[in-house]
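Visitor: I have a structure here, written as structure tokens, and I will follow up with some questions on it.
Since every read-out is calculated from the coordinates, none of them should be taken as a lab result. Because the structure is predicted, anything quoted here is derived from the model rather than measured. Glycine also receives a Cβ, built like all others from the backbone with ideal geometry; neighbour counts cover every protein chain displayed.
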Amino acid sequence: MREYYKPYNPADLNWHTIDEAMIKRSGSLEADADYRWVNFNTSGLHSAQHQYAIYLKDKGVSSIPKFKDDLGYNLPIPSCQTSNPYFPYTNPLKCHYTCAIYVTRLVRWVDSAPEEQRARLYNEQLTTTVIHELGHAVGIRHHNNPAMPDKPDDNWTDDGVRNCAMRYEHASEKKPSNSFLKTRYCKLGESYVAWDGSGKYAGHNCYGQINIKGD
């Protein structure tokens, strides 16, 4: 995270890299939020709520078939999920225990490009993916596409402010020659033109969705 997120810090948060001794580690990582509780030694007089760490891990390739081509995924504690598809986690940093980054899948994609482009593509895509997944960890949802709200195939794109890291790319943008770095979260007041030119829409205000509250 130091290399791929901190230089840009699109959420404007004070991130701290900590070691295992500074985490409660009660129960299991996959099922218990208290496993990542970091202010457990703070008196209740000086702490309004629990604060939670987030693990950022290289997981190689996804073990979930439908995400086999993804470069990243947020792993949630199952008991945290709500029935609301637009607000699936009321406390996102508490509920997402790991940001999985699929570096092996990324390397395979990068290797399809000309050799002189590979280093640039690797750093661009890894940076964008880390910023995207950490965005989910602090509560930011995917953009909605006004013309195609569901994701039917590779011709689908998440419309939105083009250099927002939370925006899914159209299939044509996934070609190495069209790849570019996305290091920010779009803000209130921004607008964009739909990928098919069908109209102009208000931005998604990803920055305004940030929620780092604990309990």
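Visitor: If each residue of separation counts as 0.36 nm, what is the full-extension length gain between PHE67 and GLU30 once their alpha-carbon separation is subtracted?
Guide: Once the chain is fully extended between PHE67 and GLU30, it gains 11.4 nm.
Visitor: How far apart, in nanometres, would the label points at GLU116 and ALA48 be if each is projected 7 angstrom from Cα along the Cα-to-Cβ direction?
Guide: 5.4
Visitor: Ranking CYS186, CYS95 by Cβ neighbours within 10 Å, fewest first, what do you get? Write down the numbers at each step before the final one.
Guide: Numbers: CYS186 25, CYS95 22.
The most exposed by this proxy come first: CYS95, CYS186.
Visitor: Quick one: Debye curve from the alpha-carbon atoms of the stretch 1-129 only, equal weights, vacuum; give me log10 I(q)/I(0) at q = 0.15, 0.17 Å⁻¹ to two decimals.
Guide: Results for the stretch 1-129 at q = 0.15, 0.17 Å⁻¹ read -0.86, -1.05.
Visitor: Okay, next question. Taking K and R as +1 and D and E as -1, what net charge do the other residues with C-beta under 13 Å from the C-beta of ILE101 add up to?
Guide: That works out to -1.
Visitor: If I model a spin label at ALA202 and ILE18 as a point 7 Å from the Cα along the Cα→Cβ vector, what separation in nanometres do I get?
Guide: Taking the two extended label points, one gets 3.7 nm.
Visitor: To make sure I understand, if each residue's beta carbon is the centre and we count other beta carbons within 10 Å, what order do MET22, MET166 fall in, fewest to most?
Guide: Starting with the residue having the fewest Cβ neighbours, the order is MET22, MET166.
Visitor: Moving on. Could you name the lysines whose alpha carbon sits less than 21 Å from that of LYS57, not counting residues in the same chain fewer than 8 places away?
Guide: The reachable lysines, counting only those whose Cα sits under 21 Å from LYS57, are LYS6, LYS24, LYS66, LYS68, LYS94, LYS182.
Visitor: Could you tell me the calculated FRET efficiency between THR90 and SER191, based on Cβ-Cβ distance and R0 = 25 angstrom, to the nearest 0.05? Display every interim value, and only then the final one.
Guide: Details: r = 29 Å, r/R0 = 1.16.
Calculated value: 0.30.
Visitor: Shifting gears a bit: With a Förster radius of 35 Å, plug the Cβ-Cβ distance of ARG108 and LYS213 into 1/(1 + (r/R0)^6) and report the FRET value to the nearest 0.05.
Guide: Once the sixth-power term is evaluated, E becomes 0.40.
Visitor: Sticking with this structure for a sec: Can you tell me the length gained on complete extension of the stretch PHE40 to ARG2, counting 0.36 nm per residue apart and subtracting the Cα distance?
Guide: That pair, PHE40 and ARG2, stretches by 11.2 nm at full extension.
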